[in-house]
1. Give me the net charge for the shell around Ala78: Cβ to Cβ below 9 angstrom, other residues only, Lys and Arg +1, Asp and Glu -1.
2. Give, in nm to one decimal, the length gained when the segment between Glu181 and Ser149 is fully stretched (0.36 nm per residue of separation minus the Cα-Cα distance).
3. How charged is the neighbourhood of Val155? Take every other residue with its Cβ under 13 Å from the Cβ of Val155, and add Lys/Arg as +1 and Asp/Glu as -1.
4. So, in nm, how far is label Gln239 from label Asp225 when the simple model puts each one 7 Å beyond its Cα toward the Cβ?
5. To check you understand DSSP bridge types, tell me what percent of the beta bridges within the chain (both residues inside) are antiparallel, rounded to 5.
6. Could you tell me the center-to-center distance, by alpha carbons, between region 141-172 and region 209-256 in angstrom?
7. Ratio of alpha-carbon Rg to the 2.2 N^0.38 Å globular estimate for region 144-242, to two decimals, please.
8. Only Cα pairs within less than 10 Å get springs; with that Gaussian network setup on the chain, which residue of Gly171, Gly29, Gly116 has the largest fluctuation?
Amino acid sequence: MILRDLAQGRTIDVPVVLVVAHPDDETLGVGARMPHLCDLTLIHLTDGAPRTPGLPEVEDEARRGAMAAERARELDAALNALGAAPQRRIAYGYSDQHSIMHLREIVARLRDDLAGTAFVLTHAYEHGHPDHDTAALAVHAACALLAGSRAPPSVIEFPSYHLRRDGAHFGAFWPDRRRREWIATLDVRERERKARALACFASQRGMLRNFPVDTERFRRAPAYDFFAPAPPPAAWYDQRQWPIDSRGWRESARRGLMQMGAAAALALPSPQSPVPGL
């Protein structure tokens with residue numbers, strides 16, 4: 001059972017794909033367990049470099065290129081610190097905060113990249129970051145489309161961050177008594193290694209200091225209704241001056257799913273049905 005093996009730090013030989021939004025998400029979510037995944041494909045949806053509204057395009061592309069290169073160097077250093085060596089690394093290269101605009105392309109690529117794998121690890125749908133939500137949606141959509149021709153991989157999720165009524169929570173799931181949560185308690189050596197890996201992401205230091213380094217958490221992903229708001233009562237990224245908020249994200253998700261015909265496979269509300277939260 002992969003969840004038990006992840007919690008206990010056992011070697012996992014079956015093919016696993018880890019789909020994350022940005023360089024650093026793999027370390028935050030699965031960093032201590034990545035060395036135990038013997039047949040791992042690591043996929044990043046974005047290069048971790050957002051656009052700058054109002055900046056001339058040429059200047060913005062140069063700035064983004066430099067930031068993306070820095071994030072790539074940080075990722076290499078972090079994987080080395082973890083002792084993690086994915087067999088395949090795939091970078092889709094979309095802009096930070098804009099991945100939902102490319103949903104159709106991402107799902108099409110994931111459908112190919114997930115074929116033949118046993119399990120896929122990805123973000124929970126929790127309205128912490130729009131790219132995290134896109135990763136969750138794209139994985140579920142790709143698996144739903146795969147189900148038409150072959151057995152799709154099982155989806156295992158890990159938490160990133162989300163907003164509750166008492167504030168932000170990092171590295172923890174929102175409560176759901178229906179779903180068993182498996183907790184990997186890291187030993188001293190694993191904690192030190194993960195801390196060193198996170199320190200490699202100097203550009204993200206301010207955010208990463210919020211996350212615990214003593215546990216990693218996993219559970220089977222539910223069948224989300226991505227037309228509805230995520231389970232937490234509020235959205236972290238609605239408080240940010242970013243190009244998209246949670247309502248806009250759900251609108252874009254709806255359009256993308258309708259265009260690719262994935263809504264029926266995902267058993268989501270039809271275009272004529274009222275959409276919760278919209």
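1. Numbers: positive: Arg196; negative: Asp24, Glu26, Glu74, Asp76.
Here the charged neighbours net out to -3.
2. On the way: separation 32, 0.36 × 32 = 11.52 nm, distance 3.04 nm.
Between Glu181 and Ser149, full extension yields 8.5 nm more.
3. Values: positive: Arg179, Arg219, Arg220; negative: Glu157.
It works out to a net charge of +2.
4. Result: 2.7 nm between the two label points.
5. Working: 11 of 32 bridges.
Close to 35 percent.
6. Region 141-172 and region 209-256 have Cα centres spaced 10 Å from each other.
7. On the way: Rg = 16.3 Å, N = 99, 2.2 N^0.38 = 12.6 Å.
The value comes to 1.29.
8. Gly116
Read-outs throughout are calculated quantities, based only on the coordinates presented, and are distinct from any laboratory measurement. Keep in mind it's a predicted model, so treat the numbers as computed, not measured. Note that we place each Cβ from the backbone using ideal geometry, even for glycine, and neighbour counts take in every protein chain shown.
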